[in-house]
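*Asks:* Take this structure, written in structure tokens, and hold onto it; I'll ask about it next.
All of the numbers you see were taken from the coordinates with simple rules; none came from a lab. All values reported here derive from a predicted model rather than from experimental measurement. Heads up, the Cβs are rebuilt from the backbone with ideal geometry, glycines too, and the neighbour counts pull from every protein chain shown.
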Amino acid sequence: MADRGPHPTLRIKGEKSHSLLGKKIVLGVTGSIAAVRTVELARELIRHGADVYGVMSEAATEIIHPYTLHYATGHEVITRLMGKIEHVEFLGMQGSADLYVIAPCTANTLNKIATGVSDTTVTAFATTAFGSGIPIIVVPAMHETIYRSPVLIENIKKLKQLGVTVIEPKIEEGLAKIASTEEIILVVERALSAGKLAGKRVLITGGPTIEPIDSIRVLTNRSSGRTGIELAREAYRQGADVTLVHSKELNLRMIREIRVETAEEMIDACINELRKANGGKEYDALISAAAISDFSPELHDGKLPSGAELHLTLVPTRKLIEEVRREFPELVIVGFKAEVKVSDEELIEKARAKMEKYNLAMVVANDLANGGMGTAENEVYILRRGEDEVKYVKGAKAMIAVEIINELSGLL
């Protein structure tokens, strides 16, 4: 029979990003009903560039057929260990895999792994990975009552002490539900990243602020908050402990969120966060990406009557970077400078002036006339203190976030 080329599934490889390009991931699947989520997870890993190989316990094959996982990964699925000693080939000392992910992981499998039992394909792969030092991520899914078992709790603690990353389930409807695919992907990316911000703590602001006029109406701006969110994701991928202060909703449990609305609330939240962190010393950097309102209106109680001409009095708001720099003079700060319809030279000049005024480590500058606010893409100039070279970046905000975090890592 003629060679028909690669499996059709592999056509989606790297479709979303190249964050996992060149990485080989073994995906262990156990006998939880959450195994139905494995197809989605495998294909998302591939979309970010990974090569995925499935390993199924016998119990897992009673939930989904191995052909299903074959379709999802584009590779034959391992359901039993044969003469090729697949567990050693992938996860041994000379193994070709970079990571072992068990998702979903039942209580039975988790307890076995923690106690060294290797009586299924999935547990044998785990024992082999332990012996070779290949990282393991475990994603539990089960009934809540089982998850609350003191034996299981102790074994989860034991696995963490052994260096296993455990992505905790979401407790809903009496179930310990498997973590979202988005969360799993992000943790996998972090495990396989260069770890450029490993051990660092970063505070990020993002999105617009919302200034109330009365009990119903507000003044705001066109910021989507996407830049702040993408910066938070990328900082986490690169190993940082991340806190994001914004008015949006990210809902990724590994990134701490502080929800605010007004400029006053955002500035107070940042200052208080830095004060609580040993006078800012526990934070390594502030990335001030939020589009904080420059003015706030006088607040009227109740609802202003409609139909009549209305004059608003706008009062200048406080300046976050100014207050942070005054109180925390040693903190590394990344600022943003937005202008409208200026030349590239004038934009860069204004960015440098802001850098000098507030002693910023970096400034990211863009001209809003060229897009950026409220859009999925942007074009920016990145300036670093003490360097004449200016980096120009154009593309998706996720890609721009990668460049910003990469530049920041060189300063920390």
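*Asks:* Below 29 Å, Cα to Cα, which lysines can residue 160 reach? Residues fewer than 8 away in the same chain don't count.
*Replies:* Within the straight-line limit of under 29 Å, residue 160 reaches these lysines: 23, 24, 112, 170, 177, 196, 200, 276, 281.
*Asks:* What number in nm² do you get for the range 201-409 if you take the convex hull of its Cα atoms and divide its surface by four?
*Replies:* Working: hull surface 50.1 nm².
Directional mean of the projected Cα hull area for the range 201-409 stands at 12.5 nm².
*Asks:* The list (1) 34; (2) 20; (3) 14 gives values of percent of Cα pairs over 38 Å apart, and only one came from this structure; which label was calculated from it?
*Replies:* Computed from the coordinates, percent of Cα pairs over 38 Å apart corresponds to (1).
*Asks:* Working from Cα positions, state the angle (0 to 90°, nearest 10) between the long axis of helix 263-276 and the longest principal axis of the chain.
*Replies:* For helix 263-276, the angle is close to 60 degrees.
*Asks:* Any chance you could give the angle, 0 to 90 degrees and rounded to 10, that helix 38-47 forms with the longest Cα principal axis of the chain?
*Replies:* 60
*Asks:* Counting only other residues whose beta carbon sits under 12 Å from that of residue 321, what net charge do I get with K and R as +1, D and E as -1? Intermediate results must be reported in sequence, preceding the final value.
*Replies:* Working: positive: 318, 319, 325, 326, 337, 354, 357; negative: 322, 323, 327.
Within the 12 Å Cβ shell, the charges total +4.
*Asks:* Relative to the longest principal axis of the chain, what angle (0 to 90°, nearest 10) does the C-alpha long axis of helix 344-358 take?
*Replies:* Once rounded, the angle reads 90 degrees.
*Asks:* Local charge sum around residue 108 (other residues, Cβ-Cβ under 14 Å, Lys/Arg +1, Asp/Glu -1)?
*Replies:* Values: positive: 112; negative: 58, 62, 119.
Within the 14 Å Cβ shell, the charges total -2.
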